[in-house]
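Taking it in order: structure first as structure tokens, then the write-up.
The values are calculated or read from the model by the stated rules, or taken from the named source; none is laboratory data. Everything numeric here is computed off the predicted structure, so don't read it as measured data. Because the Cβ atoms are built from the backbone with ideal geometry, glycine has one as well, and the counts that use them run over all protein chains shown.
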Amino acid sequence: MRLLALILFIVLPIVEIYLFIKIGGALGAGWTILLIFITAAIGLSAMRRQGLAVLQEAQAAQAAGRAPLAAAAHGILILLAGGLLIIPGFFTDTLGLLFLWRPARLFFISAALEALLPHIVRMRPQAGPRPSADGSDKNDRGDTLNKGGQTIEGDYRVDDE
């Protein structure tokens, strides 16, 4: 948490100031300020358009009986992109525009799942099977519970529908 605070409040402003000085020196102050407004306007417009598309995607997934998890992950990154585009600066604008690019979002979602899933699975409480109300070895869906204590392994992937 301290590392994140260090990056957000010390390193990020230093990077932004450095880029302002370099780009402002090359283009001039007026063009630099205009470029900041243009990237923010274009980015916020793209965020609005993509946000509506992701909302429709989530509604379609929910109507089809699927959990809209992929759409939710894309939506979170699109909102983050909008926040980064509102902050004046070239580095944050670049990150914001990157999060608006769908292949980059897929990469970040996949990387986040790969990094976080082992920790989430490890944190899950290991409760034993519960017998149903009638005493049979079936769960709420009617599936027979695994009493052998075997572990079933599997893979995951992010489907981009």
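Among the residues of region 30-50, are any closer than 24 Å to LEU113 by Cβ and either touching a helix residue (DSSP H, G or I) at 6+ places or on another chain (Cβ under 6 Å) or not aliphatic (A, V, I, L, M) (or both)?
Scanning region 30-50 turns up at least one residue that is closer than 24 Å to LEU113 by Cβ and either touching a helix residue (DSSP H, G or I) at 6+ places or on another chain (Cβ under 6 Å) or not aliphatic (A, V, I, L, M) (or both).
I'd like to check which helices (runs of 4 or more DSSP H) are fully inside region 8-104 and have at least 3 residues that are over 30 Å from ASP159 (Cα atoms).
12-27, 29-63
Which number in (1) at pLDDT below 90; (2) under 30 Å from LEU52 (Cα atoms) marks the one condition that ILE78 misses?
Status for ILE78: all satisfied but (1).
Among the listed residues ILE33, ILE38, ILE87, ILE42, identify the single one that is at pLDDT below 90 and more than 17 Å from TRP101 (Cβ to Cβ).
Exactly one residue qualifies, and that residue is ILE87.
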